[in-house]
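Colleague: To start, I am sharing the structure in question, which I have written as structure tokens.
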Amino acid sequence: MKCIVIALALFAACSTTDRTYQLSAEPTLGALLAVPDAQSSGFVVGGAQQSWPAYRVVFHDVEYTTGVDPSRRIHFIETTDSRFQTREGLRVGATLGDVLAAGGRDPMYEAGWGRWSPLQSGWCAFFAAPSATNALGAPRVLSYFRRDGIRVDQSRIQ
């Protein structure tokens with residue numbers, strides 16, 4: 001019995017809580033994460049050589065992972081939430097054909113990270129590394145993200 005109690009105590013001490021914080025506005029690049037005393041849920045990788053402390057946030061029932069710097073400025077936003085919809089009407093699980101038909105650009109490969117297509121809305125559709133195709137059929141969107149340094153050239157998208 002003592003072993004069970006000790007094991008449960010150790011498990012409780014070692015387990016981490018992955019808190020989700022409710023936001024009053026959609027997370028925006030460059031904005032401050034407006035959650036005082038928020039605890040990071042780890043790190044998020046937002047590119048081949050980019051990572052930030054990660055915070056899980058919710059806005060209008062959609063969950064996002066945000067990557068923030070030490071001053072709490074948001075530099076990366078990602079969602080895998082099935083309730084999320086881009087301005088183009090795309091959701092997680094959309095095909096590459098759906099992305100292109102909605103005006104997205106051909107996927108670009110970022111070594112060490114994966115393939116993604118910029119959308120007119122400023123979101124990027126992330127497919128997976130190392131290719132945007134698979135043997136099971138059309139490539140599908142795994143997540144949507146926004147990241148500092150990605151600018152959408154509206155004149156190049158139809």
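Colleague: Using modelled amide H (1.01 Å from N, peptide plane; none on Pro or chain starts), what sits under 5 Å from the amide H of Ser41, excluding residues fewer than 5 places away?
Modeller: Ala54, Tyr55, Arg56
Colleague: Moving on. Could the peptides 113-123, 46-56 be put in order, highest first, of the mean number of other beta-carbon atoms found within 10 Å of their residues?
Modeller: Details: 113-123: 20.5, 46-56: 17.5.
Order by mean packing, descending: 113-123, 46-56.
Colleague: Could you derive backbone 3J(HN,Hα) for the range 59-67 from the dihedral phi with the Karplus parameters 6.51, -1.76 and 1.60 (θ = phi - 60°), listing whole Hz in sequence and x where the residue is Gly or Pro?
Modeller: Each residue's phi maps through the Karplus curve to give 9, 6, 6, 10, 8, 10, 10, 10, x Hz.
Colleague: Provide the per-residue ³J(HN,Hα) series for the range 90-105, in order, calculated from phi with Karplus coefficients 6.51, -1.76, 1.60 and θ = phi - 60°, each as a whole number of Hz, with x at glycine and proline positions.
Modeller: 8, 10, 4, x, 4, 8, 4, x, 4, 4, 5, 5, 8, x, x, 8
Colleague: Each residue of the range 70-81 in turn: what ³J(HN,Hα) in whole Hz from Karplus with 6.51, -1.76, 1.60 and θ = phi - 60°, glycine and Pro shown as x?
Modeller: These are the phi-based 3J(HN,Hα) values: x, 8, 6, 7, 7, 10, 8, 9, 9, 9, 10, 6 Hz.
Every read-out reported here was derived from the displayed coordinates using simple, explicitly stated rules and does not represent laboratory data. Just so you know, these numbers come straight off a predicted model, no measurement behind them. Cβ coordinates were reconstructed from backbone atoms using ideal geometry, including for glycine residues, and neighbour counts include every protein chain displayed.
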